[in-house]
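Enquirer: Got a structure for you, written out below as structure tokens; questions coming shortly.
Please treat every number below as a calculation from the coordinates, not as lab data. This is a predicted model, so every value here is computed, not measured. Using ideal geometry, Cβ is built from the backbone for each residue, glycine included, and neighbour counts are taken over all protein chains shown.
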Amino acid sequence: MKTKTSRLLAITGVGILLFFVACNKNGSVNSNANIPPGQSKMSIYLNDGPIDFYKVLVDIRQVAVLIDTSVLQIDSDDVHQWDEGYCGHDRGPRDKSVFWDTLKITPGTYDLLQLRNGADTLLGSGTYPTGKVLKVRITLGSDNSVYTDSLTSYPLVIFGPEPYFDINVRRDNVFSITNNDFELWLDFNLERSIFFWSGTFYLKPYIVAYNDKHLSKIEGQVLPSGASALVEAIDGSDTLYAIPNWGGGFQFRGVSAGTYSLEFKGNNGYMDTTINNIVVDSSSVVHVPTVTLHQ
């Protein structure tokens, strides 16, 4: 068992989910909105799998989608549809149908760690010429930082030459409200999103697009609240993370079918514990019995 601070400093690569100000989403965007003829609508939601920081601030400037108007959203995926040449380089007759379109957002700097335990927020929404969404692109500004406690902050530097990153979108990632009104959820892989090297925190987001309506959730409660537990859901080499709320409640979203072990990492003198053989096999909510940690 380690304290929060010692666990954080011992990790050389840590992940953070990128997201907007938290809000609980109790329903879909109004599917009766007036969508112009020849247009489709996409609403993109963001949720997190947090890690043990006090605060993460990310400067969101723009959200765009890559559209192919020569095919429909319901068409099967093409193995080459995400290739650079397919997306506009070396343009041919087919490539003229492929272009970027921006969605409506509120640009600004947002605290990432406000989203957790089943909460999500609307990242961007808007209409575009009807076609298949191939990618989502999120462009960042320079005002990014991490807080290891309430007073200590460090710059968060974008890794690489470009201020944006792309997420590939597959057909089964998209939920269809109607034949021209769609929803998509984005989830960061924490372990791969931020790394610490030579005294600097770097951001290299690793994000998974998924259909929240067709995947499962795991939820439960860990007590006492003073244990300040970190919960990990492990299936082979895949690990999901959750930081419980003030009452100890936690939830994992976008969980694929499999058999998971839940590891509860205690702090403040509380011991760790593990529950094995949590079976996820449908698009339902798996409820885990309440776990009590002991000193």
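Enquirer: Report the local net charge at Thr178: Lys and Arg +1, Asp and Glu -1, summed over other residues whose C-beta lies under 15 Å from its C-beta.
Expert: Once positives and negatives cancel, what remains is 0.
Enquirer: Now, a different point. Per q in 0.13, 0.26, 0.30, 0.32 1/Å, what log10 I(q)/I(0) does a Debye calculation on the alpha-carbon atoms of the range 117-168 return?
Expert: -0.56, -1.11, -1.14, -1.17
Enquirer: Going 7 Å from the Cα of Ala257 toward and past its Cβ, which residues in the range 190-222 have a backbone nitrogen under 20 Å from where you end up?
Expert: The answer is 209-219.
Enquirer: Next up: Run the quick spin-label model on Asp238 and Ser283: label points 7 Å from Cα toward the beta carbon, then report their separation in nm to one decimal.
Expert: About 1.6 nm separates the two model spin labels.
Enquirer: Right, next: If you take the beta carbon distance between Arg61 and Trp82 as r and set R0 to 25 Å, what does 1/(1 + (r/R0)^6) give as a FRET efficiency, to the nearest 0.05?
Expert: After rounding, the FRET efficiency stands at 0.65.
Enquirer: Then there's this: Between Asn245 and Thr178, take the C-beta separation as r, use R0 = 35 Å, and let me know the FRET efficiency to the nearest 0.05.
Expert: 0.55
Enquirer: Quick one: which residues, 5+ away or cross-chain, put their amide H under 5 Å from the amide H of Ser43? H built at 1.01 Å from N.
Expert: Phe182, Glu183, Leu184
Enquirer: What distance in nm separates the two pseudo spin-label positions at Ile35 and Ser225, each 7 Å out from Cα along the beta-carbon direction?
Expert: For Ile35 paired with Ser225, the spin-label model returns 4.2 nm.
Enquirer: Where does each of Ser70, Ser150 land when they are ranked from fewest to most other beta-carbon atoms within 10 angstrom?
Expert: The most exposed by this proxy come first: Ser150, Ser70.
Enquirer: Which ordering of Tyr128, Tyr260 is given by a fewest-first count of other beta-carbon atoms within 10 Å?
Expert: Fewest-to-most ranking of Tyr128, Tyr260: Tyr128, Tyr260.
Enquirer: Given Thr152, Leu230, Thr178, which one lies farthest toward the positive end of the charge dipole of the range 103-234, if we put +1 on the Cβ of every Lys and Arg and -1 on the Cβ of every Asp and Glu?
Expert: Thr178
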